[in-house]
Amino acid sequence: MGGEKPSWGVGARDRNTRKVLSTAVKLFERAGDEYEQVVFCHDALTGLRAIVAIHSTALGPSLGGTRFYPYPSEDEALEDVLRLARGMTYKSAAAGLDLGGGKAVIIGDPATTRSEALLRVYGRFVESLSGRYITAEDVGTTQADMDVIFRETRHVTGVSRALGGSGDPSAATAYGVWWAMKAVLEALDGSAVLADRHVVVSGVGKVGTSLVRHLVEDRARVTVTDVSEAALERVRRDFDVEVARPDQAHLVACDLYSPCALGAALGRHTIPELKCRAVVGSANNQLADPGCAALLEDRGILYAPDFIVNAGGVINIAEELTGYHRERAYAHIRRIFDTTKWVIAEAKSAGTTTAAAAEALAEQRIAEVGPASRRIRTFGAPPRGR
């Protein structure tokens, strides 16, 4: 490929070294001992700027997608990758997977920054972590990107079926959210039937669109919104659903409100304005801060914790590590129905929020299984059915 050899880590010798070191200092102050490893990468030739955060490998190698996004600053990118990595630990643990939590961000606009060279350098960066981190698709990255990264490392999932993978995990994520919605309705009304229920889907990217398809097939009444006019028009045309403005969607009276875009959709300004009975969405980190769970509880709005209901994607791609089998993967995803019901019942029994009950479930599994797992595990290239 030519050019300067990429530098891994905080000590990279480039013109941004001082800024990176300053960010690293803030990182250590913010993260304390909670995160196992946070690594920065910069490659001058391709313009790659990336951060990988490994939150935990207590249950296995950390798995989490690579988000490609034009963050305004490295501080904001760092904040996002830390939150996302922690969420992946809880997601995998609660889903019963032998995986830890990690996440990566590439700083930049994928429309203008993405290139084969950049992705291949990033793939070598992932390879340098020796299996402690396994990457996958996320906001701003695609299955095609994972196929390029796969040329440099086997520590990647969600690659195309031609390469022995499971393909785009978006449909699997939507499938899990759909089953979680059924569980929430059963908890509320004693019936899991979605017909004639009103669902507002905020964000109709790949996951949101797949979710809308399930809802329409179930004869639910659906309202959608998105910041992209083109995405809204496509979904309205394809599914004949109602449309709301992005800043007004949470004000629509409905049974279920489903945040399916970026995080922090539920904050101290939006929660008092919600007109739904429950929140069930695919977005990661939906709560702007931990106190928002209690705000939803106080308003009588049932919150289905995001890392419980959106685990379908990670369950699906985890199947790749032992040889992908779609029916086995989707059978595991359907268990999200039972897990969601259990979390709701446990929260009611314990007199706590559903968010606290879900975190306790994940933490208990890490505490019970993690020590035994660490004694016998070594990291290496994941076995694949190729």
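Note the angle between two axes, namely the Cα long axis of helix 229-239 and the longest principal axis of the Cα atoms of the chain, as a number of degrees from 0 to 90, rounded to the nearest 10.
So the helix axis and the longest Cα principal axis differ by about 50 degrees.
Share of the chain's accessible area from carbon and sulfur, percent, 1.4 Å? Mind dumping the intermediate values first?
Values: 8250 of 16370 Å².
Carbon plus sulfur share of accessible area: 50 percent.
Can you give the direction-averaged projected area of the convex hull of the alpha-carbon atoms in region 126-172, in nm²?
Values: hull surface 13.2 nm².
Spelled out: convex hull of the Cα atoms, projected over all directions, averaged, 3.3 nm².
Give me log10 I(q)/I(0) at q = 0.17, 0.18, 0.20, 0.22 Å⁻¹ for region 116-220, Debye formula, one equal scatterer per alpha-carbon, no solvent.
Here log10 of I(q) over I(0) equals -0.79, -0.84, -0.93, -1.05.
So, with +1 on the Cβ of K and R and -1 on the Cβ of D and E, and no other charges, what is the size of the charge dipole of the chain about its Cα centre, to the nearest 20 debye?
Details: 46 positive and 48 negative charges, 167 e Å.
That gives a dipole near 800 debye.
Go through region 120-151 and name the trypsin sites (Lys or Arg not before Pro) that are in a DSSP coil and have 16 or fewer other Cβ atoms within 10 Å of their Cβ.
Filter output for region 120-151: ARG151.
Please work out how much length the chain gains when fully extended from GLN248 to ALA367, using 0.36 nm per residue of separation minus the C-alpha to C-alpha distance, in nm with one decimal.
Details: separation 119, 0.36 × 119 = 42.84 nm, distance 4.23 nm.
Between GLN248 and ALA367, full extension yields 38.6 nm more.
About the Cα centre of region 233-386, how large is the charge dipole given +1 on each Lys and Arg Cβ and -1 on each Asp and Glu Cβ? Please answer in debye to the nearest 20. Intermediate values should be presented prior to the final figure.
Working: 20 positive and 19 negative charges, 123 e Å.
It comes to approximately 580 debye.
Just going by the charge dipole of the chain, with Lys and Arg at +1 and Asp and Glu at -1 on Cβ, which of LEU99, THR46, THR322 is farthest out on the positive end?
The residue sitting most towards the positive pole is THR322.
Tell me which residues come under 5 Å, amide H to amide H, from LEU63 once H is placed; ignore anything under 5 positions away on its chain.
Amide H neighbours of LEU63, under 5 Å, 5+ apart: GLY100, GLY101, GLY102, ILE134.
Calculate the all-directions average of the projected area of region 216-307's alpha-carbon convex hull, and give it in nm². Walk me through the numbers before you get to the answer.
Values: hull surface 23.4 nm².
For region 216-307, averaging the hull's shadow over all directions gives 5.8 nm².
Under Stokes-Einstein, with the Kirkwood radius over Cα pairs standing in for Rh, what whole-number D in µm²/s applies to region 310-349 at 4 °C and 1.567 mPa s? Kindly include the intermediate steps, with their values, before the conclusion.
Details: Rh = 11.0 Å.
So the translational diffusion coefficient is about 118 µm²/s.
Roughly how far apart, in whole Å, are the Cα centres of region 351-367 and region 198-252?
31 Å
Find the all-direction average of the projected area of the Cα convex hull for region 48-157, expressing the result in square nanometres with one decimal place. List each step's numbers first, then the result.
Numbers: hull surface 24.1 nm².
Projected over every direction and averaged, the Cα hull of region 48-157 covers 6.0 nm².
What's the magnitude of the charge dipole for region 306-364 around its Cα centre, counting Lys and Arg as +1 and Asp and Glu as -1 at the beta-carbon? Answer in Debye, nearest 20. Display every interim value, and only then the final one.
Working: 6 positive and 8 negative charges, 50 e Å.
Dipole magnitude for region 306-364 comes out near 240 debye.
Separation between the GLU346 and SER73 pseudo-spin-labels, each 7 Å from Cα along Cα→Cβ, expressed in nm?
According to this spin-label approximation, the distance is 3.8 nm.
Could you give the length gained by full extension between ASP298 and ARG328, i.e. 0.36 nm per residue of separation minus their alpha carbon distance, to one decimal place? Intermediate values should be presented prior to the final figure.
Working: separation 30, 0.36 × 30 = 10.80 nm, distance 3.90 nm.
Full-extension gain reported as 6.9 nm.
Give me the distance between the Cα centres of region 88-125 and region 56-74, rounded to whole Å.
The distance from the Cα centre of region 88-125 to that of region 56-74 comes to 5 Å.
Which residue, chosen from SER130, VAL227, LEU215, occupies the Cα position most advanced towards the positive end of the dipole of the chain, where the dipole is computed from +1 (Lys, Arg) and -1 (Asp, Glu) charges on Cβ about the Cα centre?
Comparing the listed Cα positions along the dipole, SER130 ranks first.
On C-alpha positions alone, give me the angle between the axis of helix 206-217 and the longest principal axis of the chain, in degrees, nearest 10.
Its long axis makes an angle of about 20 degrees.
Hey, what's the Cα Rg ratio for the chain versus the globular rule of thumb, 2.2 N^0.38 Å? Numbers along the way, then the final one.
Numbers: Rg = 20.3 Å, N = 386, 2.2 N^0.38 = 21.2 Å.
Here the answer is 0.96, to two decimals.
Which trypsin sites (Lys or Arg not before Pro) in region 176-264 pass both tests, a DSSP loop state and at most 16 other beta-carbon atoms within 10 Å?
On the way: sites: LYS182, ARG197, LYS206, ARG213, ARG219, ARG221, ARG234, ARG236, ARG237; in loops: ARG197, ARG219.
Taking region 176-264 and a limit of 16 other Cβ atoms within 10 Å, the loop trypsin sites (Lys or Arg not before Pro) found are ARG219.
The values are calculated or read from the model by the stated rules, or taken from the named source; none is laboratory data. On a predicted model such as this, the values are computed, not experimentally measured, just so you know. Here the Cβ is made from the backbone with ideal geometry for all residues, glycine too, and neighbour counts use every protein chain on show. For the accessible areas, the whole protein counts, side chains as well, though only heavy atoms, and no ligand, DNA or RNA atoms are used. Shrake-Rupley method; radii C 1.70, N 1.55, O 1.52, S 1.80 Å.
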